[in-house]
Amino acid sequence: MNKRGEHWFSGFCMMLVGFAVLVSMTSPSYAVKVERVVSPGGIEAWLVRDHSIPITAIEFSFRGGAASDPMGKAGLASMTTSLLDEGAGDLDSQAFQGKLENLSVRLSFRAGLETVRGSFKTLNRNRDEAVDLLRLALNEPRFDTEAIERMRRQITVGLKRKSTDPNVLASRVWRRAIFGQHPYARPVDGTLGSVKDITEQDLRQFVANRFARDKLLVGVVGDITPTVLGPMLDRIFSALPASTDVTALSDAATMTEGQTYVVQMDIPQSVVVFGQRGVKRDSPDYYAAYVMNYVLGGGGFSSRLYHEVREKRGLAYSVYSYLNPMQRSALISGGVATRNDQVAQSIAVIKKEWARMRDSGPSEQELADAKTFLNGSFPLRLSSTGSIARMLVAMQYHDLGLDYIDRRHEFINSVMLDDVNRLARRMLDPKQLTVVIVGSPVSIEPTAEAPEIEG
């Protein structure tokens, strides 16, 4: 990310192009055309053209994120991405950031659990110079000592702050309880101990071993043609290694046995994380689960959990559930924060709604309302060139097909009440809900000792 600000004109133009694309995509007469572009060097990208404003946005991902960090080096992917725009080639941090600012370029990198992502946006009049900066960041990062130590200090400060955040603590303990020693339990940002031990050589090795063309997914949106895009892809990515030898993650054996863990913290309101096994993104039951979860806890003000926990009983300000499909596991998870003397009642209500959805499913009206919202709100997720480009990458990552944006409503509408009922009976079980509470809950007896997490 450009850490020293961006020109107002660039931001304004990028907002306009996002609005223009959103309007066109929500028009009933408009069909989104996603094109598959293959560069002369064999690099593939998915493209949505929009010639209304001269801007190009590129989103890309490399398969293999923080979960693939070496043992004892948790946080390596995250620290590496924080340094990619802190100097590259013959440009030190100040010079590199200065060029980004002068050219009004948005450039950022981020490590997730399963991918490393990059985001790039430029005015077309500056595209040639901007592309060179992206190429340098990926192929020739400097990793100067000053930048490494500055980022290490920033990460350390953030980790210390998070160590006392009950929301972060609850999430980390819950993932440790669910995944045990599997890499999915590791914090993406690492720990104080692991970040301290990351060296310049580790950072260089990460780039050499993890940024490879066989793990690359690219989405592009903007005022650009396939003829122009192909050579540009080669210019950015062709110098990367063709393949990598990173060991694939093993399947995660999720341990959802209905345990309740309590981490004592002297705060007036406890934070609760709960969940169990879910369904993967490629499961034929995924859309049934998606619609069901909207009714259960994913629909905000209209969900059953919100109605029963907040509106009916006033136990919490917010309560929610969500699907979390991963490559090697899948979860349905949720959370609530409430007064210490209301934790037991809140959990009891959540488990009751979990069981009610399993036993009787949604009503016909709830199903219809869920479909209407999920279809109607989808264009809002495509409100900018960057968000559309990210969708193109996600479509490739999950193997959804070039026509997914146009066909998504068909997948939602095809979900029938019997599909949801069958899925709910098979998947939901309040006795398997693993619950982690951080706070000083009243009338709660833990069923097991909370697993330890690294500081």
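The values are calculated or read from the model by the stated rules, or taken from the named source; none is laboratory data. Owing to the predicted nature of the structure, the values given are computational and were not obtained by experimental measurement. For neighbour counting, all protein chains shown are included, and Cβ atoms are generated from backbone atoms with ideal geometry for every residue, glycine included.
Some observations on this one:
Yes or no, residue by residue, for (1) within 19 Å of I58 (Cα to Cα); (2) basic (K, R); (3) assigned by TED's automatic domain parsing to the domain that holds D285:
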residue: L380; (1), (2), (3): no, no, yes
residue: S387; (1), (2), (3): yes, no, yes
residue: I405; (1), (2), (3): yes, no, yes
residue: H409; (1), (2), (3): no, no, yes
residue: N413; (1), (2), (3): no, no, yes
residue: D419; (1), (2), (3): no, no, yes
residue: R422; (1), (2), (3): no, yes, yes
residue: D429; (1), (2), (3): no, no, yes
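- Hits in the stretch 32-49 - residues which are part of a strand (DSSP E or B) and among the small types (G, A, S): A45
- Qualifying residues in the stretch 297-316 (those that are small (G, A, S) and assigned to a helix (DSSP H, G or I)) - the one farthest from L169 (Cα to Cα): S302
- Conditions (1) surrounded by fewer than 20 Cβ atoms within 10 Å (Cβ to Cβ); (2) in contact with a Leu (Cβ under 6 Å, 6 or more places away or on another chain): number failed by I332: (1)
- Subset of the stretch 123-160 [assigned to a strand (DSSP E or B) and under 14 Å from D85 (Cβ atoms)]: P141
- Looking across the stretch 213-233 at every residue that is assigned to a helix (DSSP H, G or I) and of a type in the set (A, V, I, L, M), the one that is surrounded by the fewest Cβ atoms within 10 Å (Cβ to Cβ) is identified as V228.
- When F206, F274 are checked against the criterion of being touching a helix residue (DSSP H, G or I) at 6+ places or on another chain (Cβ under 9 Å) and either in the same structural domain as S329 (by TED's automatic domain parsing) or in a loop (DSSP other than H, G, I, E, B) (or both), a single residue qualifies: F274.
- Residue pairs whose Cβ atoms lie under 7 Å apart, separated by 6 or more positions or on different chains, with the first residue in the stretch 91-102 and in the same structural domain as N126 (by TED's automatic domain parsing) and the second at pLDDT below 95 and in a loop (DSSP other than H, G, I, E, B), are Q97/N2; Q97/K3; Q97/R4; L100/N2; E101/N2; E101/R4; E101/G5; E101/E6.
- Comparison of I405, I412, I332, I350 shows that the only residue that is in contact with a strand residue (DSSP E or B) (Cβ under 6 Å, 6 or more places away or on another chain) and of a type in the set (A, V, I, L, M) is I332.
- Of note, L133 satisfies the criterion of being within 23 Å of F206 (Cβ to Cβ) and either free of Cβ contacts under 8 Å to residues at least 24 places away in the same chain or of a type in the set (A, V, I, L, M) (or both).
- Counted as qualifying within the stretch 317-419 are the helices (runs of 4 or more DSSP H) with 2 or more residues that are of a type in the set (D, E, K, R) and under 30 Å from D266 (Cβ atoms), namely 343-360.
- Residue list for the stretch 246-272, filter: at pLDDT below 90, within 22 Å of the chain's Cα centre (by Cα) and either among the acidic types (D, E) or farther than 21 Å from P325 by Cα (or both): V246
- Residue in the stretch 174-189 that is surrounded by fewer than 19 Cβ atoms within 10 Å (Cβ to Cβ) and of a type in the set (D, E) present: no
- Residue check for E200: at pLDDT 95 or above and loosely packed, with under 15 Cβ neighbours inside 10 Å: yes
- Those residues of the stretch 213-235 which are in contact with a strand residue (DSSP E or B) (Cβ under 8 Å, 6 or more places away or on another chain), closer than 18 Å to D132 by Cα and among the hydrophobic types (A, V, I, L, M, F, W, C), in sequence order: V218, V220, I224, L229, L233
- Residue pairs whose Cβ atoms lie under 6 Å apart, sitting 6 or more positions apart in sequence or on different chains, and linking a residue in the stretch 18-46 that is modelled with pLDDT under 95 to a partner that is polar (S, T, N, Q), are G18/S383; G18/S384; G18/T385; A20/S52; L22/S383; Y30/S24.
- Number of positions in the stretch 184-203 that are under 20 Å from P141 (Cβ atoms) and assigned to a helix (DSSP H, G or I): 5
Here is a yes/no grid of residues against (1) more than 25 Å from the chain's Cα centre (by Cα); (2) free of Cβ contacts under 8 Å to residues at least 40 places away in the same chain; (3) farther than 30 Å from M395 by Cβ:
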position: Y287; (1), (2), (3): no, no, no
position: V336; (1), (2), (3): no, no, yes
position: D341; (1), (2), (3): yes, no, yes
position: A370; (1), (2), (3): no, no, no
